There are 2 protein chains.
Amino acid sequence: MPRSPDRPKRRPPRHDSAQLRSNCPINFVAETFGDKWTLLVIRDLMFKGKRHFGEFRASEEAIASNILADRLQRLEACGVVEKRPDPAHRSKLIYELTQKGRDLMPVMLEITAWSAKHDARTNTPKPFLTAIKRDREGLMKGLLAALDAGQKVGP
Amino acid sequence: MPRSPDRPKRRPPRHDSAQLRSNCPINFVAETFGDKWTLLVIRDLMFKGKRHFGEFRASEEAIASNILADRLQRLEACGVVEKRPDPAHRSKLIYELTQKGRDLMPVMLEITAWSAKHDARTNTPKPFLTAIKRDREGLMKGLLAALDAGQKVGP
DNA sequence: ACGGACTGGTTGCAAACTGCAACCGCCGGG
DNA sequence: CCCGGCGGTTGCAGTTTGCAACCAGTCCGT
């Protein structure tokens, strides 16, 4: 229990997401992707060929629509994702990774390899894992090409 | 507002951290490291040569001691960190990365490279970045050796 | 032996964030 | 004209986070 009944001033809350706690690179991604959902959105964009709000919402992990809307907006604000109208359906929007987002590919592959090694429940196909070990560069090129073509390719 | 004043049963909360939302490798690390602090603890262990509770607490980002205690306990529970008494000081404890924790090195290096490329404020030394690009394997070997020696080496 | 400082935490409270489910305006198709 | 899909928003409850005070055990100097 705080000792004094008249508690002194407390620091105002930090809604200021532009103010980082430090200039450490690890801290930067902890602040950008450090929550339970953001990485899953990136995964859906990068490996599952998803582009529309409803597709993300339909993910196995069942993200709530308000959380999804918030994460997409944040990712857009920090330049990892871009939103544009779908030319085929005027009522739809298309979400896509920017180059900054695509540059996360190596991180995502290392994450996949680590989980596959250390989590027995992880269900990544064997050929994908051997490709990460044996031919990282070639695999990445193929994945990025598939990304441009809008196909589902990932683990 | 919910329409019916008698709201139906809601699903009980999930304190059950052993139950994953899916078997996706990305989801696994999102659930394990998906918060604003865990990665910073890993960083301190991996690159800054920190070993004691007080050293982590003294990090630039100013983690609260209850959050730190919780994160260390979680990391220990999932086998990324190990705790043992410090032979030199009976009142101290030493926290160390297990092999599972050390295997995160490639992920951390890719994260560092990505931040350095896309965040202007990131202050990683140039030589470290070129080493990541030019000689990943050699750099990793050196870093792991330094880890065993308990030195500070990182970005 | 004693006091003070350091160790690794725990506790109480308030503020913030997350999750759920209901709801809503817009568009397109039949 | 209605009906469903689309991309959200809103209200509430439950959970997590942050802060600061506090604490027991150990170490150190005197």
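Observations on the model:
- Criterion: closer than 23 Å to residue B:33 by Cβ, assigned to a helix (DSSP H, G or I) and facing chain B (nearest Cβ under 9 Å) - qualifying residue of A:62, A:30: A:30
Every residue, every condition in (1) within 12 Å of another protein chain (Cβ to nearest Cβ); (2) part of a strand (DSSP E or B); (3) not charged (D, E, K, R), yes or no:
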| position | (1), (2), (3) |
| --- | --- |
| B:68 | no, no, yes |
| B:79 | yes, no, yes |
| B:87 | no, no, yes |
| B:121 | yes, no, no |
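- Look at the stretch B:53-69: where a residue is exposed (fewer than 12 other Cβ atoms within 10 Å of the Cβ) and a partner is not hydroxyl-bearing (Ser, Thr, Tyr), sitting 6+ places away or on another chain with Cβ atoms under 7 Å, you get B:65/B:57.
- Taking the criterion of being in contact with a Phe, Trp or Tyr (Cβ under 6 Å, 6 or more places away or on another chain) and either of a type in the set (Phe, Trp, Tyr) or open to solvent by 70 Å² or more (accessible area, probe 1.4 Å) (or both), the only residue of the stretch B:70-98 that qualifies is B:83.
- Selection within the stretch B:99-117 - open to solvent by 20 Å² or more (accessible area, probe 1.4 Å) and outside any helix (DSSP H, G or I): B:103
- Test result for residue A:23, modelled with pLDDT of 90 or more, under 25 Å from residue B:116 (Cα atoms) and open to solvent by 60 Å² or more (accessible area, probe 1.4 Å): yes
- Residue B:36 vs. criteria outside any helix (DSSP H, G or I), open to solvent by 30 Å² or more (accessible area, probe 1.4 Å), modelled with pLDDT of 90 or more and within 19 Å of residue A:38 (Cβ to Cβ): yes
- Residue within the stretch A:118-134 that is surrounded by fewer than 20 Cβ atoms within 10 Å (Cβ to Cβ), closer than 22 Å to residue A:71 by Cβ, of a type outside the set (S, T, N, Q) and at pLDDT 95 or above present: no
- Residue A:49 fulfils the conditions (1) among the small types (Gly, Ala, Ser); (2) within 10 Å of DNA strand D (Cβ to nearest atom); (3) closer than 21 Å to residue A:109 by Cβ except for a single criterion, (2).
- Leading residue by the ranking (modelled with the lowest pLDDT) among those in the stretch B:1-20 that are hydrophobic (A, V, I, L, M, F, W, C) and open to solvent by 60 Å² or more (accessible area, probe 1.4 Å): B:1
- Verdict on residue B:96 being more than 14 Å from chain A (Cβ to nearest Cβ) and more than 12 Å from DNA strand C (Cβ to nearest atom): yes
The values are calculated or read from the model by the stated rules, or taken from the named source; none is laboratory data. Values in this document were obtained by computation on a predicted structure and should not be read as measured data. Cβ sites come from the backbone with ideal geometry, for glycine too, and all protein chains shown count toward neighbours. Just the protein is used for accessible areas: all its heavy atoms, side chains included, with ligands, DNA and RNA removed. Shrake-Rupley method; radii C 1.70, N 1.55, O 1.52, S 1.80 Å.
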